Amino acid sequence: MRGLNTYDSFKSIVELIEADNRTPHAVIATGDLVQDETRQGYERFRKLIGELGVPVHCIPGNHDSPRIMAELLSLPPFQFCGSATYSNWVLIMLNTAIRWDAGGRLEAAQLEILDRTLGAHTAHHALVCMHHHPVPMGSPWLDGINLRNSDEFFKIIDRYPHVRGIVWGHVHQCSDRERNGVRLISTPSTGAQFLPETEAFMLDTLPPGYRWIGLMPDGSIDTEVVWL
């Protein structure tokens, strides 16, 4: 991508995680895992990230093939969308990908899954994960390909006080904000980053990166970004 070999940068990120003195309980892969929608791309992703030996929760992005992802990334330790519980937390992975659209949408079935899962886990703290950003990032070109029905999404979120955080990819930049007591967190790309708050598309000079997310027993979130 724009001169960066994304396979090499992703491989370096996995090696960086392996070298860290912390061992993750799981990985959340927030979409755009493969640019060209090939089986070989997902097989490479599966082989590399599988070396970590932990569950990998996979969410499709606008550059992915949800059909191939579901086929190749659904057997343990991989999971395609759905939900998972870790201690007193529930993770909810939503599919916002729309065919032939760089923007995203939560179809009725996904909204129903969100509502039903939150309603069934009121004793858990909840982290909701997706690809597209549900709030503006401050770049007109990027905010034109956001989650197109964020109003429907937040109508559900606002009904459940045990939602503690919302995490997304897509934007190739890190941010950390709050809305009604809920953390709103974007994660950087394992490839190139987008320069924040620009009228038109521009690349940042920041290197590839990833984000640690610590889900605390009291419902708080401890997070940091690590750059390659």
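Any read-out appearing in this document is the output of simple, stated calculations on the displayed coordinates, not a laboratory observation. On a predicted model such as this, the values are computed, not experimentally measured, just so you know. Backbone-built Cβ (ideal geometry, glycine too); neighbour counts: all protein chains shown.
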(request) In a Gaussian network model over the chain where Cα atoms closer than 10 Å are linked, find which of VAL163, VAL34, VAL135 has the largest mean-square fluctuation. (result) VAL135
(request) Would you kindly derive the ³J(HN,Hα) couplings of the stretch 217-228 from the backbone phi angles with the Karplus curve 6.51 cos²θ - 1.76 cosθ + 1.60 (θ = phi - 60°), listing them in order in whole Hz, with x for Gly and Pro? (result) x, 8, x, 7, 10, 10, 9, 8, 9, 10, 9, 5
(request) Whole Å is fine, so just give me how far the alpha carbon centre of the stretch 82-146 lies from that of the stretch 1-65. (result) 20
(request) State, as an integer percentage, the relative contact order of the stretch 85-228 based on alpha-carbon contacts under 8 Å between residues 6 or more apart. (result) 19
(message) Taking the Cα centre as origin and putting +1 on Lys and Arg beta-carbons and -1 on Asp and Glu beta-carbons, what dipole magnitude results for the chain, to the nearest 20 debye?
(response) 360
(request) Work out how far the C-alpha atoms of the chain reach from end to end along every principal axis, then list the three figures in whole Å, largest first. (result) 45, 41, 32
(request) Kindly identify the stretch 77-183 as rounded, prolate or oblate by the Cα gyration tensor criterion: order the square roots of the eigenvalues as a ≥ b ≥ c, call it rounded if a/c is under 1.5, otherwise compare a/b with b/c, prolate if a/b is larger, else oblate. (result) prolate
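Give me the net charge for the shell around TYR210: Cβ to Cβ below 13 angstrom, other residues only, Lys and Arg +1, Asp and Glu -1.
-1
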(request) Once you've got the GNM for the chain with C-alpha springs shorter than 10 Å, pick whichever of GLY31, GLY169, GLY144 has the biggest mean-square fluctuation. (result) GLY144
(request) With runs of 4+ DSSP H residues as the only contributors, calculate the mean residue ellipticity of the chain at 222 nm using -39,500 (n - 2.57) per run, divided by the residue total and rounded to the nearest 500. (result) -7500 deg cm²/dmol
